[in-house]
Amino acid sequence: MTRETTPSAVDSAPSGVWRIVAAREIAVKLRDRNFLVSTILTVVVIVASLSISAFMGSRATTVDVGIVGEDAAPIVTAATALADSAKKNVTFTAHQVADAGTLEQQVRDETVTVGLLPDANGWRLIGKSAENDDAATYLTAAVRQITLQRNAVAAGTSIEQLSRGSAVSYDLIDKAAVDPALAKVVTIVFAFLFYLSSILFGMAIAQSVVEEKQNRIVEILASAIPLRQLLIGKVVGNTVMAFGQLILFGGAGLIGLAAIGKGDQVTQIAGAAGWFIIFFVISFLALASLWAVAGALATRNEDLQSTSTPLSMCIMLVLFAGIFLTGTGRVIASYVPIVSIVAMPGRLADGTAEWWEPCIALAVTAAATYGIVVIAEKLYRRSLMQTQGRLTIRQALRVED
């Protein structure tokens, strides 16, 4: 059944009534225990994950090396020295073993981590089922270093003379560049934050709309305020809360990075995070409007699964695009509205985007958002008062104002 609103009541409503609706949406969120708990838990997860990463990175590692023969002991000592020079918190400890058979048995029993013994071609490392990266790197380097020193003495020269002219310096053109692995992690974090916030706030908007429609509360609201003002209030209120939540998450992440010794890269990551928040806020205005439409098209909560599926699939595609897109596809995606929320900040994090690119992408996103909001407002207004059954977008467009 369709109910007509009273024109005089709607016309006399103040144009700024959306502020009241927005304030109510914010107040409801702040009183929602599930929302508060999920926000606190997310902050705890961010801090905990960074703390665990810092702990694992700083934890001292001891590699027990079983050796056969006296010549192996200096190699183990040299490996520890090489690890120290590389600022790797690894210590190699030598354990003398009588023969090769006993050594292999100790490796099999995991009494020692690896075994080191001479063979016809030089030296042999023995592991149980998988290679130990630290042992392969530093014991191998130590063998080469000691062998080179001995060969140099035998040739009547020195290792310094043999290695003259072989030094390689590594100069970074852009010293502010973020470590590629860290930049990838930051991009994945952007993608998941986008997905989490979009689903959390978007579904709340849709459920709020359909509950008001199902309980006929919307008919009372429509007789007092314009539906356009109701939509604006819901969108703005939830956008403000999403913005605040992202600021909280981003701040926790940046503080955590500084605490684990990544302070030299926080500046660029902070810049990328700032652009992510800007892109998200602009794009979320469009997403929130579409979520409101999903709620308006439904007549009961059971209908939301159908009306919100296209939007949920779009958000999921953005998540996967942010994580897996690379190369030219990622560059193109950084200019595509909605997808640019993740793609452009990700490029800024790893330093592959010029300073002017986010400005252009943001302008394209803002223009697309305006168009989406205009269409969504029309769909929302035309379908909200239709209570006879679930509508499709095509049916909503055919409804007269």
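A few remarks follow.
- The residue that is farthest from the chain's Cα centre (by Cα), counting only those in the range 204-220 that are within 27 Å of V281 (Cβ to Cβ) and open to solvent by 50 Å² or more (accessible area, probe 1.4 Å), is E211.
- Restricting attention to the range 339-367, the residues being out of contact with any helix residue (DSSP H, G or I) (no Cβ under 7 Å at 6 or more places or on another chain) and hydrophobic (A, V, I, L, M, F, W, C) number 7.
- Counting only residues that are open to solvent by 60 Å² or more (accessible area, probe 1.4 Å) and within 25 Å of D350 (Cβ to Cβ), the range 280-324 holds 4 of them.
- Exactly one residue out of A155, A100 is over 30 Å from Q245 (Cα atoms), open to solvent by 50 Å² or more (accessible area, probe 1.4 Å) and of a type in the set (A, V, I, L, M), and it is A155.
- The set of residues from the range 370-399 being closer than 15 Å to T299 by Cβ, of a type outside the set (A, V, I, L, M, F, W, C), buried (at least 18 other Cβ atoms within 10 Å of the Cβ) and in contact with an Asp or Glu (Cβ under 9 Å, 6 or more places away or on another chain) comprises just one member, R382.
To keep it simple, each residue is scored yes or no on (1) hydrophobic (A, V, I, L, M, F, W, C); (2) within 30 Å of I338 (Cβ to Cβ); (3) in contact with a strand residue (DSSP E or B) (Cβ under 8 Å, 6 or more places away or on another chain).
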| position | (1), (2), (3) |
| --- | --- |
| G101 | no, no, no |
| Q105 | no, no, no |
| G122 | no, no, no |
| Y138 | no, no, yes |
| A155 | yes, no, no |
| S163 | no, no, no |
| A191 | yes, yes, no |
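- Counting the residues of the range 339-358 that are open to solvent by 10 Å² or more (accessible area, probe 1.4 Å), closer than 23 Å to S197 by Cβ and either assigned to a loop (DSSP other than H, G, I, E, B) or hydroxyl-bearing (S, T, Y) (or both) gives 3.
- When D134, D109 are screened for being open to solvent by less than 40 Å² (accessible area, probe 1.4 Å) and out of contact with any Phe, Trp or Tyr (no Cβ under 6 Å at 6 or more places or on another chain), only D134 passes.
- Just one of the listed residues (A333, A343) is modelled with pLDDT of 90 or more and closer than 16 Å to F284 by Cα, and it is A343.
- Looking only at the range 119-131, and only at residues there that are more than 39 Å from the chain's Cα centre (by Cα) and open to solvent by 90 Å² or more (accessible area, probe 1.4 Å), the one that is farthest from G101 (Cα to Cα): N121
- One residue stands out in the range 56-83 among those that are part of a loop (DSSP other than H, G, I, E, B) and under 17 Å from V107 (Cβ atoms): the one that is modelled with the lowest pLDDT, namely G69.
- Checked against the criteria, L148 does not count as under 30 Å from T91 (Cβ atoms) and surrounded by 14 or more Cβ atoms within 10 Å (Cβ to Cβ).
- A298 vs. criteria farther than 14 Å from W275 by Cα, touching a residue at least 40 places away in the same chain (Cβ under 8 Å) and out of contact with any strand residue (DSSP E or B) (no Cβ under 9 Å at 6 or more places or on another chain): yes
- Tabulated pairs, the range 315-337, first of a type in the set (D, E, K, R), second open to solvent by less than 60 Å² (accessible area, probe 1.4 Å), C-beta under 7 angstrom, 6+ apart or interchain: R330/A343; R330/R347
- Residue identified as open to solvent by 40 Å² or more (accessible area, probe 1.4 Å) and either in contact with a Gly (Cβ under 8 Å, 6 or more places away or on another chain) or closer than 23 Å to A242 by Cβ (or both) among A361, A367: A367
- Test: residue in the range 221-231 that is part of a helix (DSSP H, G or I), in contact (Cβ under 8 Å) with a residue 12 or more places away in the chain, buried (at least 16 other Cβ atoms within 10 Å of the Cβ) and within 21 Å of the chain's Cα centre (by Cα): no
- Scan of the range 287-338 for residues that are assigned to a helix (DSSP H, G or I), over 20 Å from T239 (Cβ atoms), in contact with a helix residue (DSSP H, G or I) (Cβ under 6 Å, 6 or more places away or on another chain) and among the aliphatic types (A, V, I, L, M), ordered by number: L297, L304, A321, I323, A333
- Residues (touching a residue at least 60 places away in the same chain (Cβ under 8 Å) and either hydrophobic (A, V, I, L, M, F, W, C) or surrounded by fewer than 22 Cβ atoms within 10 Å (Cβ to Cβ) (or both)) located in the range 236-252: V236, V240, M241, Q245, L248, F249, A252
The values are calculated or read from the model by the stated rules, or taken from the named source; none is laboratory data. In this text the structure is predicted, and so the values were computed from the model without any measurement. All Cβ positions, even for glycine, are placed from backbone atoms using ideal geometry, and neighbour counts span all protein chains on display. Just so you know, the surface numbers come from the protein's heavy atoms only, side chains and all, with ligands and any DNA or RNA stripped out. Shrake-Rupley method; radii C 1.70, N 1.55, O 1.52, S 1.80 Å.
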